[in-house]
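One structure below.
The values are calculated or read from the model by the stated rules, or taken from the named source; none is laboratory data. What you are looking at is a predicted structure, and each value in this text was computed from that prediction instead of being measured. Virtual Cβ from ideal backbone geometry, glycine too; neighbours counted across all protein chains shown.
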Amino acid sequence: MKKTLLAAAALCAIAAGSAHAEMSGGTVKIGVLNDMSGLYADLAGQGSVIAAQMALEEFGGNVNGTKVEIVSADHQNKPDIGSNVARQWYDVDGVDVIVDVPTSSVALAINDVTREKNKVFLVSGAAASDLTGPKCSPNTVHWTYDTWALANGTGKAVVQTGGDSWFFLTADYAFGHALERDTSAVVEANGGKVLGSVKHPLQNADFSSFLLQAQSSGAKVIGLANAGGDTTNSIKQAAEFGIVQGGQSLAGLLVFLTDVHALGLETAHGLILTEAFYWDANDETRKFAAEFAKRNRGIHPTMIHAGVYSSVLHYLKALKELGADADGAKVVAKMKEMPTDDRLFGKGQVRVDGRHIHPMYLFEVKKPEESKGPWDYYKLRATIPAEEAFRPLDQGGCPLAKS
Amino acid sequence: MTAIRIAGKAPVGLTAPRSQVIAFLVMVAAFLIAPLFIYPIFLAKMLCFALFACAFNLLIGYAGLLSFGHAAFFGMAAYAVGHSAKVWGWPPELAILFGVAVAAVLGLGFGILAIRRQGIYFAMVTLALAQMVYFFCLQAPFTHGEDGIQAIPRGHLFGFFNLRDTETLYFVVLAIFLIGFLIIYRAIHSPFGQVLRAIRENEPRTISLGYKPDHYKLMAFVLSAALSGLAGGTKAIVFEIATLTDVHWGTSGEVVLMTLLGGLGTVFGPVVGAFVVIGLQNYLAQIGAWVQVVQGLIFVVCVLTFRRGIVGELGRILKLKL
Amino acid sequence: MFELIGIPPQAFFGQLLIGLINGAFYAMLSLGLAVIFGLLNIINFAHGALYMMGAFVAWFLLQYFGLGYWPALILSPIIVGAFGAVIERTLLRRLYHLDHLYGLLLTFGLALMIQGVFRYYFGSSGQPYTIPPLLQGGVHLGFMVLPIYRGWVVAVSLLVCLATWFIIERTRLGATLRAATENRALTQAFGINVPRMITLTYAFGVGLAAFSGVLAAPIFQVSPLMGADLIIIIFAVVVIGGMGSIMGSILTGFALGVVEGLTKVFYPEASNTVIFVVMAIVLLIKPAGLFGRAHA
């Protein structure tokens, strides 16, 4: 086994010329690690694997003649399972880079393991802004979005359009708390005030009690600092209890295209949300979405899928330039040095703290009569330019940014 | 309430049968050479769960008590180890001992409340108590909620063995496993184990012989909890992480599955069961939701066709005590 | 206005009412469990999964056959009930001579399988199911808006619970059922087909779960995981009420819904745990449960 691998590596080296002889293990292995069966299976899941494959195919299937392989696994949203898989991938299976990883707790765990093993970690699915803050690492790039960007986008827009008193429905775990904290800061900085919040258990089924508390607070805006099924259920039940008819509005702080699809426009219309990508933006994104949907049971790409595509593509470009994949920190340094450019995110850059910088978009969910069919859900309200979309470098507390 | 059917029903002497000694030696030999072929961290995980299942088996297999809350001991010990090693900077041996102590104290509390009930009610009381522990872990600040305690330092055992080295770590875990295994083995084959079995078979009669069943049950419960804590604490060191998964009721269910599959009341059954279940989880991880289906299928097949478990059935076919 | 421990009375009554609505689901599900346990001596861990199936069957009927809420309310329990009968005939039947624990373990395995299969085919983000037009909208009660649909859920589940209680405790059919629970051999000797009765009882209990599933579909997302954590709570309800006690599980179901609802006001983080606290206390003080007969 080892011998054939070595031989293959040697052949590759000869074929590619001696300048590019440094690919460890004779192949480049990309590991897509996310939730394949749970809460986030539709917004990341198998779709992220497809997105990575599409990036690879577009790149030509190899880097300077070295074969590129994609493997995937399910972390079940549990940090212990995630770090276990990551360790095994790095130690045994020769994986060079892990991509996606929704669920902040898992991403933080992988962040540690990746740094310890000096590999590369490209985050698309996770929201924790700590990944480019106090926990930032020379081996990690945070691609698509983070809690700060969501809070900044939705929070600011809602306050500026008159929603100046808030009540939060917060999922009782690290991500929910972070989202509430970041959004409260934005609301208060823009002259609004926070009247209160209620913390609900994770993966709660019945929100009526919490919604009632939100209703009696008299706040103009009910901020949903939760994700996935919790968000869709609270939106659905808010409609049932006539919260929106009663004059209060809902702000989903983390809502994905697939969530809107699950809710249906009847319930979701009018919702304001911030995303990094929408498939129906231009011809290129539509082309990408059409092919993606064909391969992914009709599910259109979410911003997480787009982020996986875009980050993998940039990783491969950096690898081509560098010609070696063994030293993860060096690859990431190269990624930071090269400007990013692809058909989904356009031009951008990776900042020194690992944050990928690109514009964010504020969308409103269409009314049923405005939609031309399935997946035609958003209309653009505002574009948040790249330089304003993310937390300024000096405010994150990232040690890498200090030097 | 009829006692749950156990494979090793025949009276067991105080000395170990030869078949068990041989099986033990084979097992140790297999563990010694295994890291040459299998990823040592994965093996270490298997050993931790094997110890957990053995500790659980002590209770159900020999005292006839089905606990549905053993994750509480496993998980709380993991948190205790994580916190003491990371925040207080304790060396691993002290941290693990602390984890065992926490699990034992918790076990004493659970035990006092739970052993007053039997059968399903015992299972339900332990489940209820474990759910409260889960809630405590979800809320208490030191556990860091969903994130868990991450980046627990492995450190140096006795200031000498560097646990960052995978091989060293594996053999330390193996040593811990063997110590735990032998403690359980000793307990089963002691007069204490005999009385436990007597209680399981016929409690009133044991009382009439002058024993206090509650005393024995409580001792078994605390011992089982402490050893579950040893397993959980060691796992925290191996993976450098302690999370809510370890205290969730799913983990309690998993340890039941391992023990049932391997063979209730057999000495080696839980080890085999843990290896099969963890192995399946690992190799089926690629196919997502099917892991659950396969696990469920194992439960069903096991209950319907081989209630004695893998080792129990094997022992019956070979006419050996294993 | 006076305040109850810092809570304005409107909010307080609102929460009480919401507690009752959730209690309705607890009551119906625990009723099914209690009926099954009473006759089969099986603790049906698959109850949550079958509740989920009920909701999914309703969704299928809509999606593939164009059958809406009202037909689904009848058809789905029948379909899932038939599925339950098959389970009873082929699997559970083999376990009656064994300890309770084996029934628990087998149904636990079944629950894992059913949930796994649905997760594989339908993902987890859930499928939408709309409230039937007749029951849309809400009534303003002064202290809150009561969605008509939720009022319907409480009313219909009360009706179903009481009807079940009446059949089992007050009719001839119920009498034979209870006789079979007490002494199978003797009942069989009177010429009653006990095995068939057991199959039908299991199917009925499962049908109740499916019925609750259909009722729940418009409120929650129809998702493979909707019953996964519910089952543990339902267990607690049955244990608190007293295993096998029909009225006990109905009353406890509603009461615990209210207790949970109030916890959500005072200490929301604990709302998932309060039922287990109650369960531990009850089991230690009154081991057979609040309404149970003490022969367990």
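Observations on the model:
- Within segment B:105-141, the set of residues being in contact (Cβ under 8 Å) with a residue 60 or more places away in the chain, away from chain A (no Cβ under 14 Å) and more than 21 Å from the chain's Cα centre (by Cα) comprises B:ARG116 only.
- Which numbered condition C:MET226 fails, given (1) away from chain B (no Cβ under 14 Å); (2) farther than 23 Å from C:LEU17 by Cβ; (3) among the hydrophobic types (A, V, I, L, M, F, W, C): (2)
Here's the yes/no breakdown for (1) within 11 Å of another protein chain (Cβ to nearest Cβ); (2) over 16 Å from B:PHE135 (Cα atoms):
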{"residue": "C:MET243", "(1), (2)": "yes, yes"}
{"residue": "C:GLY248", "(1), (2)": "no, yes"}
{"residue": "C:PHE254", "(1), (2)": "no, yes"}
{"residue": "C:LEU262", "(1), (2)": "yes, yes"}
{"residue": "C:PRO268", "(1), (2)": "yes, no"}
{"residue": "C:PHE276", "(1), (2)": "yes, no"}
{"residue": "C:ALA288", "(1), (2)": "yes, yes"}
{"residue": "C:PHE291", "(1), (2)": "no, yes"}
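- Among the conditions (1) in contact with a helix residue (DSSP H, G or I) (Cβ under 8 Å, 6 or more places away or on another chain); (2) touching a residue at least 60 places away in the same chain (Cβ under 8 Å), A:GLY397 misses just one, which is (1).
- Neighbours by Cβ (under 6 Å, 6+ apart or cross-chain): first from segment C:203-226, polar (S, T, N, Q); second part of a helix (DSSP H, G or I) and at pLDDT 95 or above: C:SER212/C:TYR51
- The residue list A:LYS347, A:LYS334, A:LYS372 contains one member that is assigned by TED's automatic domain parsing to the domain that holds A:GLY65, of a type in the set (Lys, Arg) and not in a strand (DSSP E or B), which is A:LYS334.
- Yes/no for B:ALA242 being buried (at least 24 other Cβ atoms within 10 Å of the Cβ), more than 14 Å from every other protein chain (Cβ to nearest Cβ) and out of contact with any His (no Cβ under 6 Å at 6 or more places or on another chain): no
- From the list C:ALA180, C:ALA209, the lone residue that is touching a Phe, Trp or Tyr at 6+ places or on another chain (Cβ under 6 Å) and more than 14 Å from chain A (Cβ to nearest Cβ) is C:ALA209.
- For segment C:115-174, filtered to residues that are surrounded by 13 or more Cβ atoms within 10 Å (Cβ to Cβ) and of a type in the set (Lys, Arg), the residue that is farthest from C:TYR69 (Cα to Cα) is C:ARG119.
- Selection count where residues are under 21 Å from C:ALA163 (Cβ atoms) and either among the aliphatic types (A, V, I, L, M) or modelled with pLDDT under 85 (or both), scope segment C:231-241: 3
- Filtering segment B:254-295 to residues that are in contact with a Lys or Arg (Cβ under 9 Å, 6 or more places away or on another chain) and either outside any helix (DSSP H, G or I) or under 16 Å from C:TYR102 (Cβ atoms) (or both) leaves B:LEU260, B:GLY263, B:LEU264, B:GLY265, B:THR266, B:VAL267, B:GLY288, B:ALA289.
- Residues within segment A:203-233 that are without any contact (Cβ under 8 Å) to a residue 40 or more places away in the chain, more than 9 Å from chain C (Cβ to nearest Cβ) and within 23 Å of the chain's Cα centre (by Cα), tallied: 1
- Elements of type strands (runs of 3 or more DSSP E) in segment A:49-151, at least 2 residues being away from chain B (no Cβ under 13 Å) and within 19 Å of the chain's Cα centre (by Cα): A:97-100, A:120-123, A:140-142
- Flag if C:LEU91 is out of contact with any His (no Cβ under 6 Å at 6 or more places or on another chain), without any contact (Cβ under 8 Å) to a residue 60 or more places away in the chain, surrounded by fewer than 22 Cβ atoms within 10 Å (Cβ to Cβ) and more than 9 Å from chain B (Cβ to nearest Cβ): no
- The one condition from (1) over 30 Å from A:GLY228 (Cα atoms); (2) in a strand (DSSP E or B) that A:LYS29 does not meet is (1).
- Residue that is surrounded by fewer than 24 Cβ atoms within 10 Å (Cβ to Cβ), of a type in the set (Gly, Ala, Ser) and either touching a helix residue (DSSP H, G or I) at 6+ places or on another chain (Cβ under 6 Å) or assigned by TED's automatic domain parsing to the domain that holds A:LYS119 (or both), where the choices are A:SER48, A:SER72: A:SER72
- With respect to the conditions (1) in a helix (DSSP H, G or I); (2) in contact (Cβ under 8 Å) with a residue 60 or more places away in the chain, C:THR263 falls short on a single one, namely (2).
- Selection count where residues are within 14 Å of chain C (Cβ to nearest Cβ) and not in a helix (DSSP H, G or I), scope segment B:296-322: 3
- Scope segment C:65-88; condition of a type outside the set (A, V, I, L, M), closer than 18 Å to C:PHE211 by Cα and without any contact (Cβ under 8 Å) to a residue 40 or more places away in the chain; matching residues: C:PRO71
- The number of residues in segment A:159-175 that are in a helix (DSSP H, G or I) and at pLDDT 90 or above comes to 1.
- From the options A:TRP143, A:TRP148, residue that is modelled with pLDDT of 90 or more, farther than 22 Å from A:GLY229 by Cβ and touching a Gly at 6+ places or on another chain (Cβ under 7 Å): A:TRP143
- Segment C:178-196, subset out of contact with any helix residue (DSSP H, G or I) (no Cβ under 6 Å at 6 or more places or on another chain) and assigned to a helix (DSSP H, G or I), residue farthest from C:LEU31 (Cα to Cα): C:ALA189
Matching residues to (1) part of a helix (DSSP H, G or I); (2) aliphatic (A, V, I, L, M); (3) touching a strand residue (DSSP E or B) at 6+ places or on another chain (Cβ under 8 Å):
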residue	(1), (2), (3)
C:VAL238	yes, yes, no
C:GLY248	yes, no, no
C:GLU269	yes, no, yes
C:PHE291	no, no, no
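- Filter pass, B:GLY64 being at pLDDT below 90, within 14 Å of chain C (Cβ to nearest Cβ) and either buried (at least 18 other Cβ atoms within 10 Å of the Cβ) or under 13 Å from B:VAL267 (Cβ atoms) (or both): yes
- The residue of segment A:241-281 that is modelled with the highest pLDDT, among those that are aliphatic (A, V, I, L, M) and part of a loop (DSSP other than H, G, I, E, B), is A:ALA276.
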